[in-house]
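**Student:** Structure below; questions to follow.
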Amino acid sequence: MIVALAAALLASTSAPASPATNSSPGTSIPTPAPTTTAPISKPSAVSNANVWQGITPGKPIARVRSVRGPSLLSRSLPEGSAIDWYPAPNDNAYVVVASRNDVVTYVRAFTVDPGGSLSGLTDPYGVTPGDTLEALRSRRGDPKETGKISDVAAVLVYPGVGALVWLYEFDNGVIHSITLYDPLAAKAPANSLATVADTHDGTSIGRAFMVHARNEETGVRFERYYATHRGGCSAWQITNQTLLTTGGRKIDQIDLECADNKGQTSLFFDVTSFFGTM
């Protein structure tokens, strides 16, 4: 099923975790089975239905990187995929671009604060994070597939152009993220050269996450968001942040405590690229 494959890929972004991981208990979103009573929007009737945030899945990731420049953070996954985090059109959101064999598999945009700015986050069908299920169905009809992620989270799948599909991830009754996904590119066997260990997993000074940002405000905002949305806990709280210097590099050590069990951990971010940049 597309839902199962997509859910696995979205979970692999590591941060944010699936919305349910970091959500408080709330009212479950209804996940109706597809019916034929409401028409499904035809991709050909909408302009740029194969593009999300200026990116088309199935195209070379090199094209994305050449246009957007260095990502905020790039991660290599054990199964051969790569994840690039980019700023969104506004400071209240992020764009995650996944690739496999140097080809884009999905583009995901999501908000940090559901009540914050939504500028630049409306998809070609007029759907925006924060929309309800009723608003989505009024624009797109019944979904192709539905899947329940948890008691408060679900994903609805709609057709795109060709093999592409649109995924609308709900959290507590409203859309949390919008993803344009290429299941064919995602299922392709990984090149042997791609399956390498991530040497910058944030677990130590020497393995610090490499963060690139246009200024300190953007970089610090991102590292603190990433640190507190890493999964494995309902809520990570920052207990301390320390700036370290080693070999001419600037490293932020962020100490965290899990609200569930008071477990503690530390993550390390190389902030040299934006340190002192206003």
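**Student:** Can you name the residue in segment 46-78 that is hydrophobic (A, V, I, L, M, F, W, C) and within 18 Å of the chain's Cα centre (by Cα) and, of all such residues, is modelled with the lowest pLDDT? Even if it seems obvious, please write down each step before you answer.
**Tutor:** Just the residues of segment 46-78 that are hydrophobic (A, V, I, L, M, F, W, C), to begin with: 46, 49, 51-52, 55, 61-62, 64, 67, 72-73, 77.
After this cut, where a residue has to be within 18 Å of the chain's Cα centre (by Cα) as well, the list is 51-52, 55, 61, 64, 72-73, 77.
Numbers: VAL51: 97, TRP52: 98, ILE55: 97, ILE61: 96, VAL64: 96, LEU72: 97, LEU73: 97, LEU77: 86.
Among them, the one singled out is LEU77.
For every residue, the table says whether it meets (1) within 18 Å of the chain's Cα centre (by Cα); (2) of a type in the set (A, V, I, L, M, F, W, C); (3) modelled with pLDDT of 95 or more.
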site	(1), (2), (3)
GLY116	yes, no, no
VAL127	yes, yes, yes
GLU134	no, no, yes
ARG137	no, no, yes
SER150	yes, no, no
ALA154	yes, yes, no
ALA163	no, yes, no
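**Student:** How many residues, within segment 100-111, are out of contact with any Pro (no Cβ under 8 Å at 6 or more places or on another chain) and either of a type in the set (Phe, Trp, Tyr) or at pLDDT 95 or above (or both)?
**Tutor:** 1
**Student:** Might you let me know whether segment 210-222 holds any residue that is in contact with a His (Cβ under 6 Å, 6 or more places away or on another chain) and modelled with pLDDT of 95 or more? Please lay out each step first, then the result.
**Tutor:** Filtering segment 210-222 down to residues in contact with a His (Cβ under 6 Å, 6 or more places away or on another chain) leaves 210.
Checking the rest, the ones that are also modelled with pLDDT of 95 or more come to 210.
Within segment 210-222, one or more residues are in contact with a His (Cβ under 6 Å, 6 or more places away or on another chain) and modelled with pLDDT of 95 or more.
**Student:** Hey, can you tell me all the residues within segment 254-269 that are in contact (Cβ under 8 Å) with a residue 24 or more places away in the chain, under 24 Å from the mean Cα position of the chain (by Cα) and in a strand (DSSP E or B)?
**Tutor:** Result: ILE254, LEU256, CYS258, LEU267, PHE268, PHE269.
**Student:** For the condition under 28 Å from ASP113 (Cβ atoms), in the same structural domain as PHE110 (by TED's automatic domain parsing) and not aromatic (Phe, Trp, Tyr), what is the one hit in GLY160, GLY231? Reasoning before the result, please.
**Tutor:** Working: GLY231 fails: in the same structural domain as PHE110 (by TED's automatic domain parsing).
Every option except GLY160 fails the conditions.
**Student:** How many residues, within segment 213-226, are in contact (Cβ under 8 Å) with a residue 60 or more places away in the chain, part of a helix (DSSP H, G or I) and either of a type outside the set (Asp, Glu) or touching an Asp or Glu at 6+ places or on another chain (Cβ under 6 Å) (or both)?
**Tutor:** 6
**Student:** Then there's this: With the requirement that a residue be of a type in the set (Lys, Arg) and within 14 Å of ASP171 (Cα to Cα), what does segment 102-157 give you? Don't jump to the end; show me each part of the working.
**Tutor:** We begin by selecting, within segment 102-157, every residue of a type in the set (Lys, Arg); these are 108, 137, 139-140, 144, 148.
LYS148 - this is the single residue of segment 102-157 that is of a type in the set (Lys, Arg) and within 14 Å of ASP171 (Cα to Cα).
**Student:** Is it true that VAL127 is surrounded by 17 or more Cβ atoms within 10 Å (Cβ to Cβ) and part of a strand (DSSP E or B)? Before you say what the answer is, go through the steps one by one.
**Tutor:** Values: surrounded by 17 or more Cβ atoms within 10 Å (Cβ to Cβ): yes; part of a strand (DSSP E or B): no.
Criteria not met by VAL127.
**Student:** Take TYR106 and decide whether it is in contact with a helix residue (DSSP H, G or I) (Cβ under 7 Å, 6 or more places away or on another chain), touching a residue at least 60 places away in the same chain (Cβ under 8 Å) and either among the charged types (D, E, K, R) or not in a helix (DSSP H, G or I) (or both).
**Tutor:** Values: in contact with a helix residue (DSSP H, G or I) (Cβ under 7 Å, 6 or more places away or on another chain): yes; touching a residue at least 60 places away in the same chain (Cβ under 8 Å): yes; either among the charged types (D, E, K, R) or not in a helix (DSSP H, G or I) (or both): yes.
The answer is yes for TYR106.
**Student:** Turning to a different aspect of this structure: Determine which member of the set THR272, THR277, THR179 is modelled with pLDDT under 95 and either surrounded by 21 or more Cβ atoms within 10 Å (Cβ to Cβ) or not in a strand (DSSP E or B) (or both).
**Tutor:** Details: THR272 fails: modelled with pLDDT under 95; THR179 fails: modelled with pLDDT under 95.
The unique qualifying residue is THR277.
**Student:** Considering only residues that are closer than 22 Å to ASN92 by Cα, assigned to a loop (DSSP other than H, G, I, E, B) and out of contact with any helix residue (DSSP H, G or I) (no Cβ under 6 Å at 6 or more places or on another chain), which ones fall in segment 230-249?
**Tutor:** If the condition is that a residue be closer than 22 Å to ASN92 by Cα, assigned to a loop (DSSP other than H, G, I, E, B) and out of contact with any helix residue (DSSP H, G or I) (no Cβ under 6 Å at 6 or more places or on another chain), then ARG230, SER234, ALA235 are the ones that fit.
**Student:** Continuing with the same structure: Would you check if there is a residue in segment 206-218 being touching a strand residue (DSSP E or B) at 6+ places or on another chain (Cβ under 8 Å), among the hydroxyl-bearing types (Ser, Thr, Tyr), closer than 24 Å to ALA93 by Cα and not assigned by TED's automatic domain parsing to the domain that holds ARG75?
**Tutor:** So far as segment 206-218 goes, yes, one or more of its residues are touching a strand residue (DSSP E or B) at 6+ places or on another chain (Cβ under 8 Å), among the hydroxyl-bearing types (Ser, Thr, Tyr), closer than 24 Å to ALA93 by Cα and not assigned by TED's automatic domain parsing to the domain that holds ARG75.
**Student:** On the basis of being free of Cβ contacts under 8 Å to residues at least 12 places away in the same chain, closer than 22 Å to ALA188 by Cβ and of a type outside the set (Ser, Thr, Tyr), does ARG63 make the cut?
**Tutor:** Working: free of Cβ contacts under 8 Å to residues at least 12 places away in the same chain: yes; closer than 22 Å to ALA188 by Cβ: yes; of a type outside the set (Ser, Thr, Tyr): yes.
Yes.
**Student:** Tally the residues that are hydrophobic (A, V, I, L, M, F, W, C), within 28 Å of ASN215 (Cβ to Cβ) and in contact with a Gly (Cβ under 8 Å, 6 or more places away or on another chain), restricting the search to segment 254-274.
**Tutor:** Keep residues of segment 254-274 that are hydrophobic (A, V, I, L, M, F, W, C), which gives 254, 256, 258-259, 267-269, 271, 274.
Adding the requirement that they be within 28 Å of ASN215 (Cβ to Cβ) leaves 254, 256, 267-269, 271, 274.
After this cut, where a residue has to be in contact with a Gly (Cβ under 8 Å, 6 or more places away or on another chain) as well, the list is 267-269, 271, 274.
The qualifying residues number 5.
The values are calculated or read from the model by the stated rules, or taken from the named source; none is laboratory data. Here the structure is a predicted model, which means the values were calculated and not measured. For neighbour counting, all protein chains shown are included, and Cβ atoms are generated from backbone atoms with ideal geometry for every residue, glycine included.
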